[in-house]
Amino acid sequence: MKKQLAALLFALAAATPALAAPATYTVDTTHTFPRFSYSHFGYSTQLSRFDSTSGKVVFDAAAKTGSVDIVIDAKSVNTGYATFNEHIQGEDFLDTAKYPTATFKSTKVVFKGDKPARIEGNLTLKGVTKPVTLTVTSFQSMPHPMLKKPAIGANAFTVVKRSDFGAGKYAPYVGDEVRIDIALEAIGE
């Protein structure tokens, strides 16, 4: 009788689908670029980016949970003009000599259906940490067609005031509000 019960339990366990577990993804540094835009004296909206970003994303589709941990190399700012890159890295703005990185660490991922819709977390810039919410405008989770590994990708944005982070020089002439957009791709480990 014990052998039959053990065989039955084994058969039930084998027939039960495995529960999905959280998967960890490493940020693809060649396809992840945070961009920022702001008004320049009302003449135009300037768009710049950071060329070096790293981090991890944890995603559990079944449980509808996740986390995001991003590190941006602030010295990799790219405005398209070397002199202006140096200016942005100065004390009045990013102060990269003292604060070489900016970070975003999520505190909560809010789903709508099967996809993340908002990512709440803390942005640390120039040594100041403030809560922000990233609005996710697109999300994809599927095997990478070339790498043959699980992969995810997303686009998200938030708006911050640079003066909240001690980088408000020339405001309001140079816009205090800065929109941060991130195009992110990450590959499963």
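Read-outs throughout are calculated quantities, based only on the coordinates presented, and are distinct from any laboratory measurement. No experiment lies behind these values; they were computed from the predicted model shown. Methodologically, a virtual Cβ is constructed for each residue, glycine included, from the backbone with ideal geometry; neighbour enumeration extends over all protein chains shown.
Excluding Asp51 itself, what net charge comes from residues whose Cβ is under 10 Å from its Cβ, given Lys and Arg +1 and Asp and Glu -1? Overall, the nearby charge balance is +1. Listed values for region 110-124 are Karplus-derived 3J(HN,Hα) couplings in whole Hz (6.51 cos²θ - 1.76 cosθ + 1.60, θ = phi - 60°), namely 9, 9, 10, x, 9, 10, x, 10, 9, 10, 8, x, 10, 9, 10, and x replaces Gly and Pro.
Starting from the eigenvalues of the Cα gyration tensor, five times each then square-rooted, give me the equivalent ellipsoid semi-axes of region 66-113, largest first, whole Å.
On the way: eigenvalues 174, 30, 12 Å².
Output for region 66-113: semi-axes of 29, 12, 8 Å.
Per-residue ellipticity at 222 nm, computed for the chain from helices alone with -39500 (n - 2.57) per DSSP H run of at least four residues, works out to -3500 deg cm²/dmol.
Given the Cα-Cα distance of Val58 and Glu91 and 0.36 nm per residue of separation, how much length would full extension add, in nm? Walk me through the intermediate numbers first.
On the way: separation 33, 0.36 × 33 = 11.88 nm, distance 3.43 nm.
Here the answer is 8.5 nm.
Taking every alpha-carbon pair within region 19-188, the share separated by more than 29 Å comes to 22 percent. Taking a sphere under 15 Å around the Cβ of Lys169 and counting the other residues whose Cβ falls inside, with K and R at +1 and D and E at -1, yields a net charge of -4. Taken about its Cα centre, region 98-189 carries a charge dipole of roughly 180 debye when the Cβ of each Lys and Arg holds +1 and the Cβ of each Asp and Glu holds -1.
Applying both filters, DSSP loop and at most 15 other Cβ atoms within 10 Å, to the chymotrypsin sites (Phe, Trp or Tyr not before Pro) of region 108-189 gives Tyr170, Tyr173. Ordered by the number of other Cβ atoms lying within 10 Å of each residue's own Cβ, fewest first, Leu134, Leu47, Leu123 fall into the sequence Leu47, Leu123, Leu134. The residue among Asn78, Val27, Tyr43 whose Cα reaches farthest toward the positive pole of the charge dipole of the chain, with charges on the beta-carbon of Lys, Arg, Asp and Glu, is Val27.
For region 148-187, what percent of Cα pairs sit more than 11 Å apart? Can you show the working numbers first?
Working: 535 of 780 pairs.
Across region 148-187, Cα pairs with separations above 11 Å total 69 percent.
When the Gaussian network model of the chain links Cα atoms closer than 10 Å, the mean-square fluctuations of Ala23, Ala151, Ala102 top out at Ala23. Partner aspartates and glutamates whose Cα lies under 18 Å from the Cα of Lys108, excluding those fewer than 8 positions away in the same chain, are identified as Asp60, Asp69, Glu120. Counting only alpha carbon atoms, the long axis of helix 2-15 and the longest principal axis of the chain meet at about 30°.
Under the convention that each Lys and Arg Cβ holds +1 and each Asp and Glu Cβ holds -1, the size of the dipole of the chain around its Cα centre is about 740 debye.
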